[in-house]
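What follows is one structure encoded as structure tokens, with my remarks underneath.
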4 protein chains.
Amino acid sequence: MSQAVGAAVIGAGYWGPNLVRNFRGSSDWDLVAVCDLDEDRAKRVVGARSTIDIETSLEAVLARDDVDAVAIATPAHTHAPIALAALAAGKHVLVEKPLADTMESAIAMVNAAREAGLVLMTDHTYCYTPAVKYIRDVVASGELGDILYIDSVRINLGLIQPDVDVFWDLAPHDLSILDFILPGGLRPEAVSANGSDPLGAGKACVGYLTMPLASGGIAHVNVNWLSPTKIRQMVVGGSRRTLVWDDLNPQQRISIHDRGVDLTTQAIDGLDPEARKATSVSYRLGDITVPALPEREALSNMVAEFADSIRGKRAPVTDGDAGVRVLSVLNAVGESLAAGGAPIRPQDEADEFDKLAVGLPVAG
Amino acid sequence: MSQAVGAAVIGAGYWGPNLVRNFRGSSDWDLVAVCDLDEDRAKRVVGARSTIDIETSLEAVLARDDVDAVAIATPAHTHAPIALAALAAGKHVLVEKPLADTMESAIAMVNAAREAGLVLMTDHTYCYTPAVKYIRDVVASGELGDILYIDSVRINLGLIQPDVDVFWDLAPHDLSILDFILPGGLRPEAVSANGSDPLGAGKACVGYLTMPLASGGIAHVNVNWLSPTKIRQMVVGGSRRTLVWDDLNPQQRISIHDRGVDLTTQAIDGLDPEARKATSVSYRLGDITVPALPEREALSNMVAEFADSIRGKRAPVTDGDAGVRVLSVLNAVGESLAAGGAPIRPQDEADEFDKLAVGLPVAG
Amino acid sequence: MSQAVGAAVIGAGYWGPNLVRNFRGSSDWDLVAVCDLDEDRAKRVVGARSTIDIETSLEAVLARDDVDAVAIATPAHTHAPIALAALAAGKHVLVEKPLADTMESAIAMVNAAREAGLVLMTDHTYCYTPAVKYIRDVVASGELGDILYIDSVRINLGLIQPDVDVFWDLAPHDLSILDFILPGGLRPEAVSANGSDPLGAGKACVGYLTMPLASGGIAHVNVNWLSPTKIRQMVVGGSRRTLVWDDLNPQQRISIHDRGVDLTTQAIDGLDPEARKATSVSYRLGDITVPALPEREALSNMVAEFADSIRGKRAPVTDGDAGVRVLSVLNAVGESLAAGGAPIRPQDEADEFDKLAVGLPVAG
Amino acid sequence: MSQAVGAAVIGAGYWGPNLVRNFRGSSDWDLVAVCDLDEDRAKRVVGARSTIDIETSLEAVLARDDVDAVAIATPAHTHAPIALAALAAGKHVLVEKPLADTMESAIAMVNAAREAGLVLMTDHTYCYTPAVKYIRDVVASGELGDILYIDSVRINLGLIQPDVDVFWDLAPHDLSILDFILPGGLRPEAVSANGSDPLGAGKACVGYLTMPLASGGIAHVNVNWLSPTKIRQMVVGGSRRTLVWDDLNPQQRISIHDRGVDLTTQAIDGLDPEARKATSVSYRLGDITVPALPEREALSNMVAEFADSIRGKRAPVTDGDAGVRVLSVLNAVGESLAAGGAPIRPQDEADEFDKLAVGLPVAG
């Protein structure tokens, strides 16, 4: 299948136009239709002098032979029914984050895709930026050493959503990035969440999320809709080096700091057990390196990966399982908030997957 | 008493030299002696061609008639015995932060000063910077509106202390600033603390501290000894405006952002009670203002306030009570850490103060 | 004429795709054709599933009745013949900067448009950014006082052009902005240019341009193709306030500094003439204000202005005359470089315009 | 001579207190006296409880046996008479920048020191910062390749000096740094200066200085007293790498950019001479490296070098010759300003030095 894959975008609202632009601009894809209940909105997204079809019925889209795959950019609670219908119709599926509004729905989507042998991809857009790809590679290479802490700050003046709080709105970005860069994915020991609703909006508008990691480190996420300053920063503190990602600084998005603390604990013979550890602390004050990164739009990489996973009959790098892991943490956030910030252990999603369905192989 | 007040600095280690320099450079003060168990260290701090006396005995310092006040810059656990001896000898006392190592000691110091009618001042240095003074004034003026959230970040590559964790080392700065700028002082409803010791140093090296405030807002403090990048930033989010303090940006330390979210809840007649609230959200995108601030060294202001409170027979703006309130939160941090991050209500220090002793009047 | 204006874009190379995207996205315009000698390049720019016509002949484009206006994005030396042909065919014309490669050609274009009563617009894109529009307004309002100096820095790692030096490549941006924001346009008293060709590329790759202004101030432009750091900064120093525009800082593109030097010269009676001036210097250290600016793509504003000037039968804000003034300075740069940096007075373009042709009225 | 060298500071005005503090804090030195015509000013600089002598007569200072060296921080036009008297009295001499107010005076000082075999040092303070020392080393190492351009910007709201223009006030810093980092010192082919006096202060308050270098590169200096923003930045563009020094960014003062333009000119056989050069341009987009620099006060290093050169009987790294080279460029600036910006070749100072006097050996 070296020819372009036929695609339809479902949902022409907030995110849909970005998907339309990128499917349209990609030689991997042939965007044949855009579907929205609001026909005028869909027409505006497609623009004049175009032969892309406008559809207002999901059934009509799924019945088309020239549609191999659908991209779903509708409200979160509609993801599962649309995706399940599309999978049942034999279409590959890309879903906006979050994958679904409940763990149950998300697991049903994963199982349905496994059984049908179709690609189910979560649009964790940030994972397709050159910066996050670089972070994943540098963590995997061991250059940073052990991960000691990860601090992620995502604050700006944000739209107060009618249906979700600031954790559900913003934290999926941070959690999907953590899932992508941590070897083995995001599987925190516990989740402690503190939220605040100082305006009386009826939901948390400021949120703090702390997650001890199995490795001994800690991850912390700060999300905030009320901040007039915009910050998109993540610090990955390692035992050897520390990486700082400042996404709003295009000239220096990533810097690697070769400075830190070295702690050596030596066993000393002949002393009583309590005193057997002598700790030696030393400090390194080395250089900072700012790697050259390519500039390429994340969504362009994302739609390329979607096409490539379909052609290669393999799981995409942000597959449905990744979407389920993110949801699992978001669920624990809700429980911790309800328990006044007490630590909650997230549900292990793997227990829920259909053991008989094999799923697509992971990319080599 | 318009002549200079006689002072002695006790402790010539890490912080002592800064005190020596500022007492020496102030026309309010006559620095007559520097005291340290290590005579050579004290001599080095004073330098050559000086007639300032070197003392190695606390008793000798306290016996001097030309010493009206002492500044204590020794390890935290020695603050209380030295301060109590100085107060007993009729000397005014300035103490480095933290005021003491236990609440009991700190309260004893406050009570002793009250009974003796002497000044007991905590060196909360940051409260004497032009920036923090400006923040206190702008909060008090109501220009920011209600305080919705305060985020304080104090991270850098720090010396891992042998005796204290990162909370006790760094958070007193943030807590003393919060105590100074919040009307009525820092009196959080609860304290939730999460720490991490990813290096196995035997104590928290990375810490997060969340404090719901009685006003409905939330304060959060992030302290970290392992960060190769240095950040000193506090955001005070208000319902009308938001203030950002970036202490490492001398050209723009403080900026006030006239942008934010307005939430209006209106009662609507004739509907059932549940539906009577209609919420309207609006966004302001106004200007940013960067106020011109004087540049003056905080310690210089601090020693001036110490002299002024002695001369005016009044409590200094960072008195012993402020030191006790900060300790009260630090104590709750320890309890919350031990309880896995559960929220702990700090002890109300006022219950412990000697009701009979009147204390010095607060500055008008 | 409330319906969309028919447009054709001529040239699908470096800048053409940006024009295509913006004409296409505008409800003011109906982009009916894209013309390029390289048909495949034109097709790639238009993309699949489009009914926009591809043309490879200028004559064919100019013969179309559905083309009211053309946008020319071809190499500079072809601007004049294409524009003159288009004007002769009764089409309105938009031309990329620089307007032409010689003053003679540019003046011929202006005169042809005047005589035909058609719009001739120079695409001085930066003049359509919200930031530059704001600067123009704030200068006109008198808020900055008299203009004392303007410093413009435009440096980055740039493509070494085969046919032009760094002045012709980059300085048109700075010069067109100066022309736009200075009341009466850019009409320097003299131009002194120093260039350097340290790599032996056969043309200046680093350039400095100094222009005393009639008002008594000075403008300076620094352009550089060899700088690994990218800077886009302009400082407009006024006698009352100073404006700083940092185009790479989206959170604070413009800041207005209410600080500066006040110099008062007073006449003093009874002294000899030489001594009659007593100068008093004072300094203001006021606040900085960062105005909120809308975020809108400059090219979108530019194509809207093109449509609006055609409909209103008026000169656009960056008309052909502006293009000629910029060329006049570029010519003087060349002469100054040849004269070792000696100051050269630019040609007054108004002398060359056809006095009989009236031209379109300027926008009210 | 391992004991401390006896010093006197002459002049307790603007810069004198900094010298006093650093001589006092150095174990290399014994500061025995401070001399000023204004006795109270000198007393205030020394402070209370000190046995440093206050002198109000130059003769008295020069007559003291315990004074081995003097540091002169008086107005520029008094440098020569004081220094010549001190050298005649057998004292080593340190002089604030500029070395003197005329070339003739400066050359007389250099010759007097040579003949007396005494150290004459110019206080080019910036040359003793860790950053400038690093730049000198990295240029010398060849890591940057050939120097293509150097851009230095030194602008801030400055005191308008009664006696000197902005070039004489600020440019000595830039010129002394260029002299220090360029192999062989600063010896430009020509100097072109443009100044502006937009306030009518009677002297240039904004200045631009262009200097083609013998190596083929170009140096440019921008000085400005009227800028409300403070910038201290120097870019050293090399054929292999480019160094950026931002002195107001303590966390990243120096960055080295491994990106740039490579131009290869190849001789091609068999073609006519004109066409024999085929130029190939390529671009490197490599990493940025931020070296770790020690933090040490420049003046502390400077007084150490003064002591060390006296003890080692060698020329200091910023000797009188360096001061003369800086003056030579400042003189050419004045001539170029008078000639409307025309390029002026600076006087070669070496022609003026006394050929018979040998001078101190240069440090190995």
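For A:Lys91, only one of the following conditions fails: (1) without any contact (Cβ under 8 Å) to a residue 60 or more places away in the chain; (2) surrounded by 24 or more Cβ atoms within 10 Å (Cβ to Cβ). What is its number?
Result: A:Lys91 passes all but (2).
Here is a list: A:Pro75, A:Pro98, A:Pro81. Which entry is touching a helix residue (DSSP H, G or I) at 6+ places or on another chain (Cβ under 8 Å) and assigned by TED's automatic domain parsing to the domain that holds A:Met302? Don't jump to the end; show me each part of the working.
Values: A:Pro75 fails: touching a helix residue (DSSP H, G or I) at 6+ places or on another chain (Cβ under 8 Å); A:Pro81 fails: touching a helix residue (DSSP H, G or I) at 6+ places or on another chain (Cβ under 8 Å).
After applying the criteria, what remains is A:Pro98.
For a quick check of your reading of the model, give me the residue pairs whose first member lies in the stretch B:182-209 and is more than 17 Å from B:Leu330 (Cα to Cα) and more than 11 Å from chain A (Cβ to nearest Cβ), whose second is open to solvent by less than 10 Å² (accessible area, probe 1.4 Å) and of a type in the set (A, V, I, L, M, F, W, C), with beta-carbon atoms closer than 9 Å and at least 6 apart or on different chains.
B:Leu182/B:Ile150; B:Leu182/B:Ala219
If a residue has to be among the small types (Gly, Ala, Ser), under 22 Å from A:Pro212 (Cα atoms) and surrounded by fewer than 22 Cβ atoms within 10 Å (Cβ to Cβ) to count, how many in the stretch A:153-185 make the cut? Quick ask: steps written out before the conclusion?
If we filter the stretch A:153-185 for residues that are among the small types (Gly, Ala, Ser), which is where we start, we get A:158, A:171, A:176, A:184-185.
Narrowing further to those that are under 22 Å from A:Pro212 (Cα atoms): A:171, A:176, A:184-185.
Keeping just the survivors that are surrounded by fewer than 22 Cβ atoms within 10 Å (Cβ to Cβ) gives A:184-185.
Of the residues in that region, 2 qualify.
Quick one: A:Asn224 ticks every box in (1) away from chain B (no Cβ under 11 Å); (2) out of contact with any Ser or Thr (no Cβ under 8 Å at 6 or more places or on another chain) bar one, so which box is it?
(1)
Yes or no, residue by residue, for (1) closer than 15 Å to A:Met121 by Cβ; (2) β-branched (Val, Ile, Thr); (3) modelled with pLDDT under 95; (4) open to solvent by less than 20 Å² (accessible area, probe 1.4 Å):
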site	(1), (2), (3), (4)
A:Met1	no, no, yes, no
A:Ile10	yes, yes, no, yes
A:Gly16	no, no, no, yes
A:Arg21	no, no, no, no
A:Gly25	no, no, yes, no
A:Asp30	no, no, no, no
A:Ala33	no, no, no, yes
A:Arg41	no, no, no, no
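Quick check: anything in the stretch B:186-201 part of a helix (DSSP H, G or I) and open to solvent by 10 Å² or more (accessible area, probe 1.4 Å)? Reasoning before the result, please.
In the first step, residues of the stretch B:186-201 are kept if they are part of a helix (DSSP H, G or I); the result is none.
No - not one qualifying residue is present in the stretch B:186-201.
Could you list, in sequence order, all residues of the stretch A:59-75 that are in a loop (DSSP other than H, G, I, E, B) and among the acidic types (Asp, Glu)? Step through it out loud before you land on a result.
Initially, the stretch A:59-75 is screened for residues in a loop (DSSP other than H, G, I, E, B), giving A:63-68, A:73-75.
Those that are in a loop (DSSP other than H, G, I, E, B) and among the acidic types (Asp, Glu): A:Asp65, A:Asp66, A:Asp68.
What residue, among those in the stretch B:66-75 that are out of contact with any Asp or Glu (no Cβ under 8 Å at 6 or more places or on another chain) and of a type in the set (A, V, I, L, M), is surrounded by the most Cβ atoms within 10 Å (Cβ to Cβ)?
Ranking the qualifying residues of the stretch B:66-75, first place goes to B:Val70.
So which of D:Leu209, D:Leu243, D:Leu144 ends up being surrounded by 21 or more Cβ atoms within 10 Å (Cβ to Cβ), assigned to a strand (DSSP E or B), more than 17 Å from the chain's Cα centre (by Cα) and modelled with pLDDT of 95 or more? Break it down stepwise before answering.
Working: D:Leu209 fails: more than 17 Å from the chain's Cα centre (by Cα); D:Leu144 fails: assigned to a strand (DSSP E or B).
The conditions single out D:Leu243.
For the stretch D:147-181, name all the residues that are away from chain C (no Cβ under 11 Å) and in a strand (DSSP E or B). Break it down stepwise before answering.
Taking the stretch D:147-181 and keeping what is away from chain C (no Cβ under 11 Å), we get D:152, D:154, D:163-181.
Of everything in the stretch D:147-181, those that are away from chain C (no Cβ under 11 Å) and in a strand (DSSP E or B) turn out to be D:Ser152, D:Arg154.
How many residues, within the stretch A:307-316, are more than 15 Å from A:Ala113 (Cβ to Cβ) and either in the same structural domain as A:Tyr208 (by TED's automatic domain parsing) or surrounded by 23 or more Cβ atoms within 10 Å (Cβ to Cβ) (or both)? Walk me through how you get there before you give the answer.
Looking only at the stretch A:307-316, we keep the residues that are more than 15 Å from A:Ala113 (Cβ to Cβ), and these are A:307-308, A:311-312.
Narrowing further to those that are either in the same structural domain as A:Tyr208 (by TED's automatic domain parsing) or surrounded by 23 or more Cβ atoms within 10 Å (Cβ to Cβ) (or both): A:307.
Total satisfying the criteria: 1.
Criterion first (closer than 30 Å to B:Gly25 by Cα and modelled with pLDDT of 90 or more) does B:Ala307 satisfy it?
Numbers: closer than 30 Å to B:Gly25 by Cα: yes; modelled with pLDDT of 90 or more: yes.
Yes.
For C:Thr78, which of the numbered conditions (1) touching a residue at least 24 places away in the same chain (Cβ under 8 Å); (2) open to solvent by less than 60 Å² (accessible area, probe 1.4 Å); (3) outside any strand (DSSP E or B) fails to hold?
(1)
This table checks each residue for (1) away from chain C (no Cβ under 14 Å); (2) without any contact (Cβ under 8 Å) to a residue 24 or more places away in the chain.
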site: A:Tyr14; (1), (2): yes, no
site: A:Leu19; (1), (2): yes, no
site: A:Asn22; (1), (2): no, no
site: A:Gly25; (1), (2): no, no
site: A:Leu37; (1), (2): yes, yes
site: A:Val45; (1), (2): no, no
site: A:Ala48; (1), (2): no, yes
site: A:Thr51; (1), (2): no, yes
site: A:Thr56; (1), (2): yes, yes
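For B:Glu96, all conditions in the list (1) open to solvent by less than 30 Å² (accessible area, probe 1.4 Å); (2) without any contact (Cβ under 8 Å) to a residue 40 or more places away in the chain; (3) over 23 Å from D:Gly47 (Cα atoms) hold save one; what is the number of the exception?
So the condition that B:Glu96 fails would be (2).
The values are calculated or read from the model by the stated rules, or taken from the named source; none is laboratory data. Because the structure is predicted, anything quoted here is derived from the model rather than measured. Note that each Cβ is placed from the backbone with ideal geometry, even for glycine, and that neighbours are counted across all protein chains shown. For the accessible areas, the whole protein counts, side chains as well, though only heavy atoms, and no ligand, DNA or RNA atoms are used. Shrake-Rupley method; radii C 1.70, N 1.55, O 1.52, S 1.80 Å.
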